[in-house]
Structures are given as structure tokens and as C-alpha cells.
Amino acid sequence: MINNKNGFWTGLLVGGVIGSVIALLYAPLPGKKLRKKIVDKTEDVIEDINDYIETGKEKAEDLIKEGSELIKEGRAKAKSIIDEAKKLVS
């Protein structure tokens with residue numbers, strides 16, 4: 001499920017970039033203005049990509065922390081159950 005979402009967003013982003021460049025190339029602008037617009041749009045897209053990557057990193061870090069906490073809790077519960085079982089056996 002996660003891979004499908006990542007593929008979707010990647011495809012959306014790449015499609016947006018390609019569509020933007022094509023739209024700019026067919027726009028009736030002089031060369032200098034067109035190049036400036038392409039550079040500006042490229043910078044915007046790069047900034048969006050960097051934001052997307054940063055958000056992904058933050059979410060991954062949160063998931064790792066949450067997973068670590070769940071593992072600690074699970075180990076503590078397992079130890080508690082084992083200790084109780086040893087008491088019952090004794």
C-alpha cells in the first residue's frame with residue numbers, strides 16, 4: 001500500500017514537471033522570458049521536491065521512534081509474562 005502511494009506521488013510530481021515544461025515551451029513568450037520562466041518553475045519544483053523529501057524523512061523518523069517504543073513495551077510485557085509464568089511454575 002505504501003509503495004503504491006509513493007509511486008502515485010512520484011508519478012504525479014514527474015507528470016507535473018513534464019506538463020509544466022511543455023506548457024512553457026508552447027507559451028507565446030520571447031526567448032529570454034521563456035528561459036526565465038522555465039528556470040523559475042524548475043526552482044519551484046525542486047523546492048517542492050525537497051519539501052516532499054523532508055516531510056518523508058520526518059514521517060520515517062516518527063515511525064521509527066514509534067516502532068522502537070512499541071518494541072520496548074512489547075519486551076517489557078513479555079518479560080512480565082515470563083516472570084509470572086516462572087512464579088506459577090515454582
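FYI, it's all coordinate maths here, none of it is from the lab. The shown structure was predicted, so the numbers you read here are calculated from the model rather than taken from an experiment. Quick reminder, even Gly has a Cβ in these numbers, built from the backbone with ideal geometry, and neighbours come from all protein chains shown.
Tabulated values for the structure
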{"item": "Net charge contributed by nearby residues that have their C-beta within less than 15 Å of Val17 (K/R +1, D/E -1)", "result": "-4"}
{"item": "Dipole magnitude (debye, nearest 20) for the chain, charges at Cβ of Lys, Arg, Asp, Glu", "result": "220 debye"}
{"item": "[x] 55; [y] 13; [z] 22, with the label sought being that of the calculated percent of Cα pairs over 23 Å apart", "result": "[x]"}
{"item": "Spatially proximal lysines relative to Lys87 (Cα-Cα < 23 Å; intrachain offsets below 8 disregarded)", "result": "Lys72, Lys77, Lys79"}
{"item": "Candidates Glu43, Glu54, Glu73: whichever shows maximal mean-square fluctuation once the chain is modelled as a Gaussian network with Cα springs under 10 Å", "result": "Glu73"}
{"item": "Residue-averaged [θ]222 nm for the chain, counting only DSSP H segments that reach four residues, each worth -39500 (n - 2.57)", "result": "-34500 deg cm²/dmol"}
{"item": "The chain: chymotrypsin sites (Phe, Trp or Tyr not before Pro) in DSSP loop, at most 16 other beta carbons within 10 Å", "result": "none"}
{"item": "Positive dipole terminus of the chain, leading residue within Leu13, Leu88, Pro30 (C-beta point charges)", "result": "Pro30"}
